Amino acid sequence: MPFSAGDKVGRYEILAPIGVGGMGEVFRAKDLAMLILCTYRDVELEVTRPFAKTLETLLRQKQATRISLRRLPVSGVEAMLAAMSGQTPPPSLARVVFAETEGNPFFVEV
């Protein structure tokens, strides 16, 4: 089966021929797979939202993987604040940030 640059075979796109031999042809191709990382709070994900519908479809078609992460404990928030600032934060600050962010690392960093 002859291929040309731009043809798609499964998740690969043909870029150019490399060579021809007695057993067939060899082509350079690129993998079209993509990594998309989304973060959301599952308790706030309404089923009527477009993202919820898209996520449901991707999971059903086994094109996505859900990874549930737990929140950080106060000590984890303290360690994250220390790593970002380069100094140990006062314990009271770590507790305030934990209370405000519920230990969500995304919000701790912002």
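Bear in mind these aren't lab numbers, they're just calculated from the coordinates by the rules spelled out. Remember, it's a predicted structure, so these values are computed and weren't measured experimentally. Note: ideal-geometry Cβ built from the backbone for every residue, glycine included; neighbour counts use all protein chains shown.
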Checklist entry - Full extension from residue 56 to residue 107: what is 0.36 nm times the residue separation minus their Cα-Cα distance, to one decimal in nm? => result 15.9 nm
Checklist outcome for this item: Along the range 58-67, Karplus-curve 3J(HN,Hα) (6.51, -1.76, 1.60; θ = phi - 60°) to the nearest Hz, with x for Gly and Pro, reads 4, 5, 5, 7, 6, 9, 9, 10, 8, 10
Checklist entry - Which loop-located trypsin sites (Lys or Arg not before Pro) does the range 4-73 contain, where loop means any DSSP state but H, G, I, E or B and the Cβ has at most 15 other Cβ atoms within 10 Å? => result 11, 41, 62, 66, 70, 71
Checklist entry - Got the relative contact order for the range 41-103 handy, in percent, Cα pairs under 8 Å and 6 or more residues apart? => result 26
Checklist entry - Taking the chain as a Gaussian network, Cα atoms linked when under 10 Å apart, which of 36, 67, 14 shows the biggest mean-square fluctuation? => result 14
Checklist outcome for this item: Restricting to Cα pairs under 8 Å and 6 or more apart, the percent relative contact order of the chain works out to 14
Item to check | Efficiency of FRET between residue 7 and residue 63 - r from beta-carbon atoms, R0 25 angstrom, step 0.05 | outcome: 0.70
